[in-house]
Amino acid sequence: MTFTYLKVAKFEIKRRKYDFARKIFEKAGEDLGDEVFREEYFLNFALFETRQKEIDRARALYKQIGRAHV
């Protein structure tokens, strides 16, 4: 299921609809619960936030990835 959210978010990014892409990433976090705790999801979301110059948001996501590996 996470894969579907990522595909849609990437589609919105290609269309330069960044607000929609962010909402999709956030919706995935809400809808998928524990399933969303995959490194791929956080990495894609963090890279997106970095590209959008949202450094604090990206930093928080990278920390989530680090906690998953502890």
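The values are calculated or read from the model by the stated rules, or taken from the named source; none is laboratory data. Small disclaimer: the values here were computed from a predicted structure and weren't measured. In this analysis, Cβ positions are derived from the backbone assuming ideal geometry, glycine residues included, and neighbour counts consider all displayed protein chains. Accessible surface is based on the protein model in full, side chains and every heavy atom, while ligands, DNA and RNA are left aside. Shrake-Rupley method; radii C 1.70, N 1.55, O 1.52, S 1.80 Å.
Roughly how compact is the chain, stated as its Cα Rg over 2.2 N^0.38 Å to two decimals?
Against the compact-globule rule of thumb, the ratio is 1.03.
Put Thr4, Thr50 in order of accessible area, largest first, 1.4 Å probe: what do you get?
Of Thr4, Thr50, the descending order of accessible area is Thr4, Thr50.
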**Fill in**
Of the accessible area of the chain, computed with a 1.4 Å probe and all protein chains kept, carbon and sulfur make up a percent value of 54 percent
**Request:** Pairs of Cα atoms under 8 Å, at least six residues apart: use those to get the relative contact order of the chain, whole percent.
**Result:** 26 percent
**Message:** Is there a quick way to get the dipole size of the chain? I mean about its Cα centre, with the Cβ of Lys and Arg at +1 and of Asp and Glu at -1; what is the value in debye to the nearest 20?
**Reply:** 440 debye
